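Following: one structure in structure tokens, then a few remarks.
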Amino acid sequence: MNLLAAPRPVILDGDPGHDDAINILLAHASPELAVLGVTTSYGNVALERTTRNALVTLALIGSHTPVYMGADRPLLVPRLSAESVHGQTGLDGPLLPSPAREAEALHAALFMIEAVRARPRQVSLLPTGPLTNLALALRLAPDIAPLIREIVWMGGSLDVGNWTPAAEFNALCDPHAAQIVFSSGVPLTMFGLNATHQAIATPARIAPFRGLGTPVGEVVAELLEFFAEHHRERYGWDGGPLHDPLTSAYLIAPELFGVQPMYVEVDTSGGPSSGRTNCDLWRVTGRAPNANVAVTVDADGFYALLTERMGRL
Ligand code: RIB
Ligand code: CA
């Protein structure tokens, strides 16, 4: 952690979603980051709901960070959703405030383009859902690719999937968009399931959030308790993996993570492995790495950071 450096401008692009919402909270609680905007996409639930959930999350902490609505569907494939994991609202569990405002009129992809052009080589993009908005921005304005400081994405997997045997949900939602991003040349770090499954929110890790004795601490505990249900039933785990906040945590405290450069290509075949992020771990393709793939997570360190930051809100 380098608290003396100027805050990094970031855009949080997601589909809230329990873990996306906690990522929004973490980024706002962290002086290392300056959140320029929250952009939304279809994903866990439909776009109208993910956008409302972003506004609700910001209302919880009294933040006026602008919210920009983006894609309501993938580029080519049919839309998926994950109510089975996140409930009908996408943020089932706690009682949450109603948003007192609406999203901005500008499309998420256009906001990304404007923000990156206004701050060349400074802005980091943190997508935690399907990559459709980012792919649209890169196709609409190819000039921004060399101007983006970096992308840190939660999605994909070095090994198995969670929505098909081969594919992780965010990658499967829009494999074509993901491949556009992976082939863009922008410095990219991938937090796939192989990493995020190391960060399970067990009851022992949830208790300190409740122990904060604050409204935010209670909401985070209730979000994680709801999120745990699906993962107990499906996987037999003692909680849910807190996927998305690893992206902000990586910028705040990179020492908590181990990453390895690899060539990654997304399967867009439409076959049974479509959406799989093929990671060339052993460099068998001879192709130059295009991504840093997260491989190790100091989970206790991550939860200590997250708890301390939630205590600031
Ligand atoms: O596969 C996990 C990812 O899918 C997370 O980003 C979660 O929020 C959902 O979007
Ligand atoms: Ca997400």
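Within the range 34-45, does at least one residue satisfy the condition of being free of Cβ contacts under 8 Å to residues at least 60 places away in the same chain and more than 16 Å from ligand 1 (Cβ to nearest atom)?
Checked the range 34-45: at least one residue is free of Cβ contacts under 8 Å to residues at least 60 places away in the same chain and more than 16 Å from ligand 1 (Cβ to nearest atom).
Look through the range 185-223, keep the residues that are under 30 Å from Ile144 (Cβ atoms) and of a type in the set (A, V, I, L, M), and return whichever of them is surrounded by the most Cβ atoms within 10 Å (Cβ to Cβ).
Applying the filter and picking the extreme gives Met190.
What's the number of the condition Glu168 fails, among (1) away from ligand 1 (no atom under 11 Å from the Cβ); (2) touching a residue at least 60 places away in the same chain (Cβ under 8 Å); (3) not basic (Lys, Arg)?
Tallying (1) away from ligand 1 (no atom under 11 Å from the Cβ); (2) touching a residue at least 60 places away in the same chain (Cβ under 8 Å); (3) not basic (Lys, Arg), Glu168 fails exactly one: (1).
For Glu83, which of the numbered conditions (1) within 15 Å of the chain's Cα centre (by Cα); (2) within 14 Å of ligand 1 (Cβ to nearest atom) fails to hold?
(1)
Just to be sure I understand the filter: pairs with C-beta atoms under 6 Å, separated by 6 or more residues or on different chains, first member in the range 229-246 and over 19 Å from Ala171 (Cβ atoms), second member within 14 Å of ligand 2 (Cβ to nearest atom) and open to solvent by 30 Å² or more (accessible area, probe 1.4 Å). Which pairs pass?
Filtered contacts from the range 229-246: no entries.
Grab the helices (runs of 4 or more DSSP H) fully contained in the range 140-256, keeping just those with 1 or more residues being within 16 Å of ligand 2 (Cβ to nearest atom).
Result: 169-173, 175-182, 193-196, 215-235, 245-252.
Tell me yes or no: at least one residue of the range 78-94 is closer than 18 Å to Asp174 by Cα, open to solvent by 40 Å² or more (accessible area, probe 1.4 Å) and without any contact (Cβ under 8 Å) to a residue 24 or more places away in the chain.
For the range 78-94, residues closer than 18 Å to Asp174 by Cα, open to solvent by 40 Å² or more (accessible area, probe 1.4 Å) and without any contact (Cβ under 8 Å) to a residue 24 or more places away in the chain: present.
For the range 1-16, name all the residues that are in a loop (DSSP other than H, G, I, E, B) and either within 11 Å of ligand 2 (Cβ to nearest atom) or crowded, with 21+ Cβ neighbours inside 10 Å (or both).
Asp15, Pro16 - these are the residues of the range 1-16 that are in a loop (DSSP other than H, G, I, E, B) and either within 11 Å of ligand 2 (Cβ to nearest atom) or crowded, with 21+ Cβ neighbours inside 10 Å (or both).
Scan (1) open to solvent by 10 Å² or more (accessible area, probe 1.4 Å); (2) more than 16 Å from ligand 2 (Cβ to nearest atom); (3) assigned to a helix (DSSP H, G or I) for the single condition Leu75 breaks and write down its number.
Of (1) open to solvent by 10 Å² or more (accessible area, probe 1.4 Å); (2) more than 16 Å from ligand 2 (Cβ to nearest atom); (3) assigned to a helix (DSSP H, G or I), only one is false for Leu75: (3).
Can you list residue pairs whose Cβ atoms sit under 8 Å apart, with the first residue in the range 139-159 being basic (Lys, Arg) and the second being open to solvent by 20 Å² or more (accessible area, probe 1.4 Å)? Count only pairs 6 or more apart in sequence or on different chains.
Every condition considered, the pairs that remain are Arg139/Ile180; Arg149/Arg8; Arg149/Arg121; Arg149/Gln122; Arg149/Pro187.
Considering only residues that are surrounded by fewer than 17 Cβ atoms within 10 Å (Cβ to Cβ) and of a type in the set (A, V, I, L, M, F, W, C), which ones fall in the range 224-268?
Trp237
Looking at the range 17-49, which of the residues that are part of a strand (DSSP E or B) and open to solvent by 10 Å² or more (accessible area, probe 1.4 Å) is farthest from ligand 2 (Cβ to nearest atom)?
Ala34
Against the definition (modelled with pLDDT under 95, away from ligand 1 (no atom under 16 Å from the Cβ) and open to solvent by 10 Å² or more (accessible area, probe 1.4 Å)), how does Ser98 come out, yes or no?
yes
Of all residues in the range 50-65 being among the small types (Gly, Ala, Ser) and part of a loop (DSSP other than H, G, I, E, B), which is surrounded by the fewest Cβ atoms within 10 Å (Cβ to Cβ)?
Gly62
The values are calculated or read from the model by the stated rules, or taken from the named source; none is laboratory data. Because the structure is predicted, anything quoted here is derived from the model rather than measured. So basically every Cβ, Gly included, is an ideal-geometry build from the backbone, and we count neighbours across all protein chains shown. To get the accessible areas, we keep the full protein, side chains included, count just its heavy atoms, and leave off ligands, DNA and RNA. Shrake-Rupley method; radii C 1.70, N 1.55, O 1.52, S 1.80 Å.
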